[in-house]
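Notes to accompany the following structure.
Each reported figure results from applying straightforward, stated rules to the coordinates on display, with no laboratory input. Worth saying up front: this structure is predicted, and the values here are computed from it rather than measured. FYI the Cβ positions are ideal-geometry reconstructions off the backbone, even for glycines, and counts take in every protein chain you see.
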Amino acid sequence: MAAGRGLWRVAAAGVLARTAPSWRAPAFAALAAVIIGAGAWEASARNVFGLRGIESRYETVARFAGRVLPPNAVFFAYQESGALHYYTDRPIVRFDVLTSGWFTHALDDVRERGLHPYFIVEDHEEVVFKARFQDVSPLGRLDWQPVAELDGPVRVRVFDPEDRARIERGEGVATYRLDP
């Protein structure tokens, strides 16, 4: 990319040096329009203008967690962990570094401390979560209705492990639909 910018500068200098003085301003404007247009096209092709919508999921989910979930919440998360910590200042357990053997121990330890665990999982992480934890605990299946769900380019779901038992007992569980 830097080499490309250098070539544009050389080309622009060459064109402008050979242009009659009365045409230099219009030639410069035309050349600038071409360069700006090429940059805008490249930015659009790389989805630069859509990144806000994609990346806003972190703040949206974290603000929901801080506003709606109880103060004793602890979040088992991976990709969302930084925003959750920043916006909620609550404990985080990174499930990507938690081995399957420690999953139930971590849940038990959290509960013994009076904390309430929540699993916050992006759609592409669910496969990893299930593969790692479903054989050691039914909670590792993530097979119940989430507390909250954000649909978008990346779907994020918030699971309350206590809701799995509620659903098995036939109790209803509401799901918040989060807007990106």
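Between A174 and A17, what length in nm is gained on full extension when 0.36 nm per residue of separation is reduced by their alpha carbon distance?
Roughly 49.6 nm would be gained on extension.
Give me the net charge of V74's neighbourhood, meaning all other residues with Cβ under 15 Å from the Cβ of V74; Lys, Arg count +1, Asp, Glu -1. Intermediate values should be presented prior to the final figure.
On the way: positive: R90, R94, R111, R113; negative: E80, D89, D108, D109, E112, D160, E162.
Here the count lands on -3.
Starting from the Cα-Cα distance between H105 and D123, subtract it from 0.36 nm times their residue separation and give me the gain in nm to one decimal. Intermediate values should be presented prior to the final figure.
Values: separation 18, 0.36 × 18 = 6.48 nm, distance 2.48 nm.
Using 0.36 nm per residue and subtracting the Cα-Cα distance, I get 4.0 nm.
Once you charge only the Cβ atoms, +1 for Lys and Arg and -1 for Asp and Glu, what is the size of the charge dipole of segment 98-176 about its Cα centre, to the nearest 20 debye? Kindly include the intermediate steps, with their values, before the conclusion.
On the way: 10 positive and 16 negative charges, 22 e Å.
The dipole magnitude comes to about 100 debye.
If we count every other residue with Cβ under 12 angstrom of F95's Cβ, Lys/Arg +1 and Asp/Glu -1, where does the sum land?
Value of the local net charge: -2.
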